[in-house]
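Student: Dropping a structure here in structure tokens format, bear with me for questions.
The values are calculated or read from the model by the stated rules, or taken from the named source; none is laboratory data. Source: prediction; values computed, not measured. Virtual Cβ from ideal backbone geometry, glycine too; neighbours counted across all protein chains shown.
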Amino acid sequence: MNKRLISKNLVLFILLALVLSGCKIVGSKLDGGKNQTVQEYLASVGTAIESLDANKIADLIAFPIVIPLEFDDEDDVVWDIAEIKIEKADFIEYASTILTEIRNNKFELKVEINDPEEGTIEITGGGNSNEATVENAVLYITLEITEDAAKQALRNLQDKMMEILKEYINNADWDEDFKEAALKDLEDEEMDFEENWEDILIDLEMQEWPGEFELELPLMPLELTKEGKKWKLDVTAIFDSMLSSEYDDF
């Protein structure tokens, strides 16, 4: 079977579809009675994804997640609302819907957060501190999937995401004209993967579907916060750091 590195965007999009579909990932089980180390947290990510349990995946994240939508830069769009706030219950509801919906694809997937080929993961904080930053970490992905299964996974993911977004737009407290325009824009973005598949392969400089992919994705600094005895990914802190231009290189 051929192996090659391909577009990160395609692999990550397929990965998202498949992580929500059912996958075999190597991870480690943790003792809930002791304080979790940062290293144990990083190893637990694969186990949580493998479980396909929205509650276990949510347990990796600090809630609520607050995403600001208003920016000072004149070039950025200022939305009618200042932020999006995602509570744990909302995350579990939507994730469970997708996990339940997309489960009919055959593939092999291995995901691991580990040291880069040269160097090591750098952890600041941790220990007795309630905050930690993980830098220089790499996400290693090996994905084996047939061409037909990849197309189906992408179709299933798109259909479910479109359904969720349309429901959100229809229920939003927006002007009716704005709703209509948003729904039209959403429909225009929908892709026919079967019709456009050859173009996708050409854009990725692929003459045929490789079947097996390997990806090494350097991760931006991960901000962690400790809740009780377990570490959580502080998504809000990561957004704040990105907007403050602290991580311009990512």
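Student: For region 3-12, check the following and say yes or no: at least one residue is among the basic types (Lys, Arg), part of a helix (DSSP H, G or I) and at pLDDT below 70.
Tutor: Scanning region 3-12 turns up at least one residue that is among the basic types (Lys, Arg), part of a helix (DSSP H, G or I) and at pLDDT below 70.
Student: Name the residue, out of 160, 184, that is in contact (Cβ under 8 Å) with a residue 12 or more places away in the chain and part of a helix (DSSP H, G or I).
Tutor: 160
Student: Something else now. Here are some conditions: (1) surrounded by fewer than 13 Cβ atoms within 10 Å (Cβ to Cβ); (2) closer than 24 Å to residue 66 by Cα; (3) at pLDDT below 85. Residue 161 meets all but one. Which one does it not meet?
Tutor: (1)
Student: Considering each residue of region 86-137, count those that are in a loop (DSSP other than H, G, I, E, B) and at pLDDT 80 or above, and give that number.
Tutor: Residues meeting the conditions: 15.
Student: Then there is this: Take residue 154 and decide whether it is within 30 Å of residue 35 (Cβ to Cβ), in contact (Cβ under 8 Å) with a residue 40 or more places away in the chain and either surrounded by 13 or more Cβ atoms within 10 Å (Cβ to Cβ) or not basic (Lys, Arg) (or both).
Tutor: No; evaluated as a whole, the condition is false for this residue.
Student: For residue 220, only one of the following conditions fails: (1) surrounded by 13 or more Cβ atoms within 10 Å (Cβ to Cβ); (2) part of a helix (DSSP H, G or I). What is its number?
Tutor: The single condition residue 220 does not satisfy is (2).
Student: If you take the residues of region 204-225 that are under 23 Å from the mean Cα position of the chain (by Cα) and among the acidic types (Asp, Glu), which of them is modelled with the highest pLDDT?
Tutor: 223
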